[in-house]
Each structure stands twice: as structure tokens, then as C-alpha cells.
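In what follows, a single structure is set out as C-alpha cells and then discussed.
The values are calculated or read from the model by the stated rules, or taken from the named source; none is laboratory data. What you see is a predicted model, and the numbers here were worked out from it, not measured in a lab. Methodologically, a virtual Cβ is constructed for each residue, glycine included, from the backbone with ideal geometry; neighbour enumeration extends over all protein chains shown. All accessible areas refer to the heavy atoms of the entire protein, side chains included, with ligands and DNA or RNA removed. Shrake-Rupley method; radii C 1.70, N 1.55, O 1.52, S 1.80 Å.
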Amino acid sequence: MKAVIAAAASLLWTSTASAQNFGVDVSFPIHYNFLASDDLSATNEVFGNDRVELYSKYMDGCIKRYGGHRANSLCSHNEADRLRLNLEQPKLQTNYTEIGFKKTKLSDESWSMLQTFWAGVKAKENFPDSLWPEAWPKANTYVNHWESDSKMHPLDTKLRQVLWDEIEKKMQEWIPTVSSFSKSSLYGVRVYREGHILAPHVDRDPLISSAIINIDQEVTEPWPLEVIGHDGFAHNITISPGEVILYESHSIIHGRPFALKGSYYASAFVHFKPDFEAAEVDSSSLEDSSSDDDSRDEL
């Protein structure tokens, strides 16, 4: 039995877009907190007790940095908010594709421009430590930034427009029922570093139709994006530099619940809000309980 479980767990790292035969609250807390749950049989069956222990250390690290204790801290409050959004928001949204995500890649021309740009960034002394540290909201639990800073480097204006145009075209091909797309945010380059975990979450309006672009990575194991598809199952998607994940980020729970093994993983994020003719879809269905602070959602 242990061999079967180990083999199943290894699929997380070896497949480029694999469906797992489990759903929420197995690899990481998604709807309910592991530390307050009476039933951990699903996660224990697949991963043993490792995931519960990891999550306990994850939350303890946040509380050590920002103060308080598990029962009453800003970290615990923010974590409860993440879990609440995951539980409540997706069922209130309109889904526009069958499964909720798609793997694709940049055009050769766009990828060449991005590679040239990034080569200049990497040429800086002490890369990636020399990049700007990313500022996270106090006690935000989406990334374990208390362990090490994620880093940021802005894209130049010309490259931003190239990526806006190309990703919008890909979105139109993927979701042909959309009349047009409104630009919401183009964020990054964010550089995650060794040990980083991205807690599974949903994005808030107007981050609805989104894309993750893998710009560069130096990893010893693949670092998949785990998404909960519209089918209710976890899917692990691995992409290489130049490849892209399109996903419905307002209703698809997404994260990277396994620690990054390697030096860094650099990504850019492109977000749109779909617009429809009034006769087609009532766009008010896209509204959610959004907060004034959207910085946590650029993930």
C-alpha cells in the first residue's frame, strides 16, 4: 500500500498536466483548516501525515513573524479569509470553459523578445538576490514570504504591450463567447525562490480570465501549478519557460502547495475581465465579495 501511495504522489512531479483522483483539502487546506479538522483521512491516505505537519510549520512561521497565536492572530484571520473565499466564491461565478484551464505557449517572436529582456536582467550581479524584494500585505498567508522574500522586476513598456496583445488573442480563441476583454492587470516578473509555497486560492474581481507565463526557472524538480478543475479534481500542470497556463482564476482554485526545490522560478501574470453583450450573459454574476486589497491576488 505504501508503494502505491508513493507512486501516486510521485505523479505530482512527473506529469505535465495530470489529473489526480482527489479534490480539495488533500495536498493543502483549501476549504477547511487542517489544524481544526476532525477528518484528515483523505490527505493522510495519499500523503501520510507530512502535509499536516508542513501546514502546521507554515502557519507557525507566519505567526512567529507577525505575532499572536493560532487561535487569535492576524495570520489566522487572513488564512480564514483565504479558505472562506475558496469555499464560497467559485460557486457564485460563471464558468466559461469546460474544465477551466488550458496549457499553451508563446509565439516564437514574443518568446524571443522576452528571452532577450530576461537575459539582461539575469546578467545583473548577484541575481536573483539583487532584484527588488516584493512587499506583501502584513500577515498575508498566500506565500510564505516570512521564510524568504519573493523578488520582483518590472517588464518594459514595449514587452508589456506585446504580452497584452498575445494573451488577449489566446483568450479570445479559448473563450470565443466573449465579446471582448478588459485589461485588469499585468504583473511581474515575480521570482519565487527555494522553499516557497503558494497557498491554493481564487482571485478576486476583476482578475477573471488569467494567464501565467513561465519566463525562467532553475529547479531540481518540476514545480507544478495545482488547480481544482470544474470537474472537482486536482490537476497538476507543469510548464517550461516560454509556455503558458490559461485559467479561469476567479473560479478555479489554484496554487503551488509543494515547496519549490531549486534556486528560483520566474513568472509573469496577465489578467482580464471578459465583457459580453447584454443579451448573452448578465455580467453581474461575476461580482464577488472583493476586498480593497488586490495585491494578494496577483499570484
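Pick from Ser267, Ser240: which is among the small types (Gly, Ala, Ser) and free of Cβ contacts under 8 Å to residues at least 60 places away in the same chain?
Just a single option satisfies the conditions, and that option is Ser240.
Just a yes or no: is a residue in the range 14-27 of a type in the set (Asp, Glu), under 19 Å from Arg84 (Cα atoms) and modelled with pLDDT of 85 or more?
Within the range 14-27, one or more residues are of a type in the set (Asp, Glu), under 19 Å from Arg84 (Cα atoms) and modelled with pLDDT of 85 or more.
Residue check: is Asp25 among the charged types (D, E, K, R) and closer than 16 Å to Ala234 by Cα?
yes
Determine which single condition Phe28 fails, assuming it passes every other condition in (1) open to solvent by 50 Å² or more (accessible area, probe 1.4 Å); (2) closer than 30 Å to Trp174 by Cα; (3) assigned to a loop (DSSP other than H, G, I, E, B); (4) not β-branched (Val, Ile, Thr).
Against the list (1) open to solvent by 50 Å² or more (accessible area, probe 1.4 Å); (2) closer than 30 Å to Trp174 by Cα; (3) assigned to a loop (DSSP other than H, G, I, E, B); (4) not β-branched (Val, Ile, Thr), Phe28 comes up short only on (1).
Counting only residues that are open to solvent by less than 10 Å² (accessible area, probe 1.4 Å) and not in a strand (DSSP E or B), which one in the range 224-250 is nearest to Phe22 (Cα to Cα)?
Selected residue: Gly229.
Considering only residues of the range 120-148 that are crowded, with 18+ Cβ neighbours inside 10 Å and of a type in the set (A, V, I, L, M, F, W, C), which is nearest to the chain's Cα centre (by Cα)?
Among those that are crowded, with 18+ Cβ neighbours inside 10 Å and of a type in the set (A, V, I, L, M, F, W, C), it is Val143.
What pairs can you find where one residue is in the range 157-183 and closer than 13 Å to Ile213 by Cα and outside any strand (DSSP E or B), the other is of a type in the set (Lys, Arg) and open to solvent by 30 Å² or more (accessible area, probe 1.4 Å), and their Cβ atoms are less than 7 Å apart, with a gap of 6+ or different chains?
That search, which allows pairs on different chains as well, returns Trp164/Lys183.
Can you tell me which residues in the range 149-168 are more than 18 Å from the chain's Cα centre (by Cα) and under 18 Å from Gly255 (Cα atoms)?
none
Restricting the range 31-55 to residues that are within 21 Å of the chain's Cα centre (by Cα) and polar (S, T, N, Q), which is modelled with the highest pLDDT?
Among those that are within 21 Å of the chain's Cα centre (by Cα) and polar (S, T, N, Q), it is Asn33.
Let me confirm something: among Tyr187, Tyr192, which residue is among the aromatic types (Phe, Trp, Tyr), open to solvent by less than 50 Å² (accessible area, probe 1.4 Å) and not in a loop (DSSP other than H, G, I, E, B)?
Tyr192
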